[in-house]
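Below: the structure, in structure tokens.
The values are calculated or read from the model by the stated rules, or taken from the named source; none is laboratory data. Computed from a predicted structure; not experimentally measured. Cβ sites come from the backbone with ideal geometry, for glycine too, and all protein chains shown count toward neighbours.
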Amino acid sequence: MERIPVILGHSIALDATAAQQAQFRRACGVARFAWNWSLAEWKRMHEAGEKPSAQKIKAKWNAVRRTEFPWSLEVTKCASGQAILDLGTAFTNFFRDIKKPKGARRARFPRFKSKRHDNGFALWNDQFQIAGDRIRIPRVGWVKMFEPLRFAGKIMGARVGRIGNRWHVSVQVEGTDCDIQSVPDATVGVDLGITALMTLSQPLPDGRIMIANPRARRSLMRRQTKLARRISRQELQRRKTNAKTSRRQMMRRDRLRKLHCRIASIRKDAIHKATTAIAASFSTIVLEDLNVAGMAKNQRLAGAVLDASFREVRRQIEYKAAMRGGRVVVVDRFYPSSKTCSECGTVIDKLPLSVREWTCQDCGADHDRDANAAKNLELVGSARAEPSPDSLVTTCGEIGALVVERSTAKLRSTNRKSCL
């Protein structure tokens, strides 16, 4: 199968000095100001009957910045220039989605940015240089990175931002180079869950069939709740007395940011390692189209479901399989993968979530709920029968885009022999 060029973002932590961090904050401020100024100018032009565009606003910004905003020249021109271009992209997406039904709209009208929620600026590919474990940023100089760039390919750009209390640079690289080759003609069914993040129908090269769920949020929830409660009480007391933010309150906010960053890092690390191992070991990966929004409505499961990040798992498997020339088959969400016997194809009527193991009454086979579902998904992905309009299977990875094709998602629920 042909590999597909993918733009990868390699996020690397920066070991910046205090002076360099101050320069980063200035660049973030310029980017935020340029966005807000451009948005106000866009609205003014629209009310005046003119036709606004990012190119017109950018030309006006370049004409007035030296006289009206000379402090914007202290940082790289990419910070303000890319912010204006991003505003144009935001309006393009908004006008594109405004014709769609309300439920299908993803882009909304651009809003003004605040200092609290926006800390980052972009770099164009001809404005920075990477040499080993260092990066040269305009108006800042050489900044040390904690690791060198691991991806080979054409550099498309970069973005410097703050995650928690640490500055990172995300370098966008376009390429198809992979260190690990996928195993040809190997199919695996992957069942996503909460107790085990993934249950596979075939073992990985290291022998693992189940990939544990780190449950980062649950393990650190007590510390997070206690710290957030203290910050909330302290903020309430500060507002009552109309006092300034104390040093201790700022320190606790920093601790909470670090804790949130640690939870996200643990989750990302586990998902990246698991998806990389699966994409490098199997050429065909079969997943189930889960209704995550519906599962999150259950108050008892909402926290655990969202902490598992099922959508992120699917996204990473799709692009990593495409890079290696593999394909991903997504089975319809109504296919009874857990209630179908993987030995004889019998479908039971009910199987509550509390039942983790069950025995087939027809053939007497004992099944683990997750392992049985993974085996059924593998059989659906390996099916070579005639198409049936009963359900849909989405295949991606062979031609670079999602292709919807008819398949036999309910094929095994009636007769297992038809899958052979």
Checklist entry - On the given criteria, is residue 13 aliphatic (A, V, I, L, M) and either more than 30 Å from residue 321 (Cα to Cα) or crowded, with 17+ Cβ neighbours inside 10 Å (or both)? => result no
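Which of the helices (runs of 4 or more DSSP H) contained wholly in the stretch 1-110 include at least 1 residues that are charged (D, E, K, R) and either at positive phi or under 25 Å from the mean Cα position of the chain (by Cα) (or both)? If you could, list the steps in order and put the result at the bottom.
Values: elements: 18-47, 54-68, 77-97.
Correct list: 18-47, 77-97.
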Checklist entry - What are the residues in the stretch 333-366 that are β-branched (Val, Ile, Thr), in a loop (DSSP other than H, G, I, E, B) and under 19 Å from residue 201 (Cα atoms), if any? => result 346
Checklist entry - Do we have any residue at all in the stretch 315-323 that's under 16 Å from residue 195 (Cβ atoms) and either under 17 Å from the mean Cα position of the chain (by Cα) or among the hydrophobic types (A, V, I, L, M, F, W, C) (or both)? => result no
Item to check | Some residue of the stretch 50-69 being among the acidic types (Asp, Glu) and farther than 21 Å from residue 168 by Cα | outcome: yes
Checklist entry - Under 9 Å by Cβ, and 6 or more places apart or on different chains, what pairs join a residue from the stretch 317-338 that is in the same structural domain as residue 288 (by TED's automatic domain parsing) and among the aromatic types (Phe, Trp, Tyr) with one that is at pLDDT below 85 and assigned to a loop (DSSP other than H, G, I, E, B)? => result 319/4; 319/397; 334/409; 334/410; 335/409; 335/410; 335/412; 335/413
Next on the checklist: Anything in the stretch 236-263 that is of a type in the set (D, E, K, R) and either in contact with a Pro (Cβ under 6 Å, 6 or more places away or on another chain) or within 28 Å of residue 168 (Cβ to Cβ) (or both)? List them, or say none.
Outcome noted: 247, 248, 252, 253, 254, 255, 257, 258, 262
Checklist outcome for this item: Of all strands (runs of 3 or more DSSP E) fully inside the stretch 128-241, the set with 2 or more residues that are closer than 30 Å to residue 26 by Cα and among the aliphatic types (A, V, I, L, M) is 129-131, 134-137, 141-145, 154-163, 166-175
Next on the checklist: For the list (1) over 23 Å from residue 320 (Cα atoms); (2) at pLDDT 90 or above, I need the number of the one condition that residue 293 fails.
Outcome noted: (2)
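Kindly indicate whether any position in the stretch 345-358 is over 33 Å from the mean Cα position of the chain (by Cα), at pLDDT 80 or above, polar (S, T, N, Q) and surrounded by 13 or more Cβ atoms within 10 Å (Cβ to Cβ).
yes
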